[in-house]
1. Between a first residue in the range 181-197 that is more than 16 Å from LEU320 (Cα to Cα) and open to solvent by less than 20 Å² (accessible area, probe 1.4 Å) and a second residue that is more than 9 Å from the ligand (Cβ to nearest atom) and among the basic types (Lys, Arg), which pairs have beta carbons less than 6 Å apart while being 6 or more apart in sequence or on different chains?
2. Among the residues that make up the range 30-39, is at least one of them charged (D, E, K, R) and under 27 Å from THR281 (Cβ atoms)?
3. Filter the range 61-85 down to the residues that are surrounded by fewer than 24 Cβ atoms within 10 Å (Cβ to Cβ) and on the phi > 0 side of the Ramachandran plot and list them by number.
4. Quick one: which residue in ALA93, ALA114, ALA88 is among the hydrophobic types (A, V, I, L, M, F, W, C) and buried (at least 21 other Cβ atoms within 10 Å of the Cβ)?
5. Return the residues of the range 232-247 that are within 12 Å of the ligand (Cβ to nearest atom) and either outside any helix (DSSP H, G or I) or more than 22 Å from PRO149 (Cβ to Cβ) (or both); say none if nothing qualifies.
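The values are calculated or read from the model by the stated rules, or taken from the named source; none is laboratory data. The structure displayed is predicted, hence computed values, not measured ones. Counting neighbours? That spans all protein chains shown, and the Cβs are built from the backbone with ideal geometry, glycine included. All accessible areas refer to the heavy atoms of the entire protein, side chains included, with ligands and DNA or RNA removed. Shrake-Rupley method; radii C 1.70, N 1.55, O 1.52, S 1.80 Å.
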Amino acid sequence: FNKLRGRGVWRYKELIAGKYKNIVSINEGNTPLIRSSNINDNLYFKFEGLNPTGSFKDRGMTVAVSSAVSLNYKTVIAASTGNTAASAAAYAARAGIKSFIVLPKGKVALGKLAQSILYGSVILEVDGSFDVAMDAVMRLYKDLKVVYPLNSFNPWRLEGQKTIAFEIAEELGVPDNVIIPVGNAGNIYAIWKGFNELVKTGVINTIPRMIGIQAEGASPIATAIIKGKDSPDFVENPDTVATAIRIGKPVNWQKAMKAIRESNGTAIVVSDSEILDAQKTLARKEGIGAEPASAAALAGYIKAINEKVVDKDEKTVLILTGHSLKDPDSMTKAEAKRILVNPLHMEKIILGEINGSNS
Ligand code: F0G
């Protein structure tokens with residue numbers, strides 16, 4: 001059944017631009033849209049953490065690496081805060097080609113770094129932020145024609161990522177709002193593009209408001225939107241606990257601002273403590289583990305409700321971009337009871353916990 005149509009991302013082959021001689025796939029996409037059970041009935045989580053390498057990047061990488069292979073490239077490169085790297089490494093491995101990834105040293109979550117090591121990338125570390133790594137890749141690929149760039153200025157990445165919109169529309173119809181964490185700013189544009197293409201082909205007749213979330217210490221785009229400016233002031237030393245979106249000079253800022261403005265959307269800035277609280281809320285109220293950048297979407301939603309930017313009766317989808325396992329350090333920041341016990345005498349402690357007399 002349905003064999004010819006493929007699965008996940010490639011199910012929408014006819015809607016993905018470009019021609020591919022070879023398709024490099026690890027069955028990405030087709031992620032669950034999970035309805036909130038304890039936060040709000042009208043809230044849905046698109047859990048991109050369940051992609052093959054644990055983030056939405058796999059949707060873009062399957063298309064971009066297929067393009068690289070179809071163009072006979074043997075080497076790929078990507079700058080990354082971690083997830084693009086893990087994904088590029090996996091898809092390059094699958095394709096049997098070499099990958100170089102450029103990382104901001106000491107600023108990449110452990111799970112992501114470990115993935116890149118496991119998949120066998122050559123890891124190049126720079127002293128400085130993601131922006132330094134990104135500049136280096138932009139400069140390099142123009143001179144060194146033998147390497148194919150896999151960052152989101154590569155349009156094929158966004159072709160793959162727009163399938164997030166297709167899956168949401170297919171399963172839920174058109175929500176009122178889609179809330180997305182914004183870093184290098186490709187994904188918000190890709191999802192907007194996906195909804196727009198469905199309007200053009202007559203599948204749907206309206207699109208959701210695109211709401212972009214950035215962290216306080218790395219919010220050039222959100223700040224520009226909030227202040228009504230034409231272009232962002234770049235941030236020299238971006239900083240946030242959400243290392244995935246620790247970006248001061250987003251390459252796709254123009255595209256992101258267009259998506260937000262043309263969809264009648266908005267942007268919201270959240271603090272690190274709001275992000276970590278949201279990560280905990282998501283885990284403890286919904287049983288969903290997301291990395292901090294993804295939890296920023298929930299932090300943004302909570303703020304949007306409080307500030308009456310979004311109504312709680314509106315159908316809203318949060319894009320949970322990456323899995324919590326990516327960033328073990330962030331998970332251990334949540335407070336927990338850890339009690340050293342004598343294995344033969346745990347009853348008293350357990351009964352105390354149940355009756356609330358231990359605290
Ligand atoms: N959420 C996660 C988990 C991410 O890894 C990223 C980007 C974003 C959100 C933001 O998406 O850049 O399209 O606006 N991570 C990139 C990386 C920068 O290198 O992995 P964006």
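1. Hits for this filter: GLY194/LYS162.
2. Step one: list which residues in the range 30-39 are charged (D, E, K, R), which gives 35.
Those still in the list that are under 27 Å from THR281 (Cβ atoms) too: 35.
Yes, because at least one residue in the range 30-39 is charged (D, E, K, R) and under 27 Å from THR281 (Cβ atoms).
3. Matches in the range 61-85: ASN72 only.
4. Values: ALA93 fails: buried (at least 21 other Cβ atoms within 10 Å of the Cβ); ALA114 fails: buried (at least 21 other Cβ atoms within 10 Å of the Cβ).
Checking each option against the conditions leaves just ALA88.
5. Quick first cut of the range 232-247, residues within 12 Å of the ligand (Cβ to nearest atom) only: 238, 240, 242-247.
PRO238, THR240, ALA242, ARG246, ILE247 - these are the residues of the range 232-247 that are within 12 Å of the ligand (Cβ to nearest atom) and either outside any helix (DSSP H, G or I) or more than 22 Å from PRO149 (Cβ to Cβ) (or both).
One line per residue, one yes/no per condition, for (1) within 14 Å of the ligand (Cβ to nearest atom); (2) within 22 Å of ALA17 (Cβ to Cβ); (3) surrounded by fewer than 18 Cβ atoms within 10 Å (Cβ to Cβ):
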site	(1), (2), (3)
ASP127	no, no, yes
VAL132	yes, no, yes
ALA136	yes, no, yes
LYS145	no, no, yes
SER152	yes, yes, no
PRO155	yes, yes, yes
LYS162	yes, yes, no
PHE166	no, yes, no
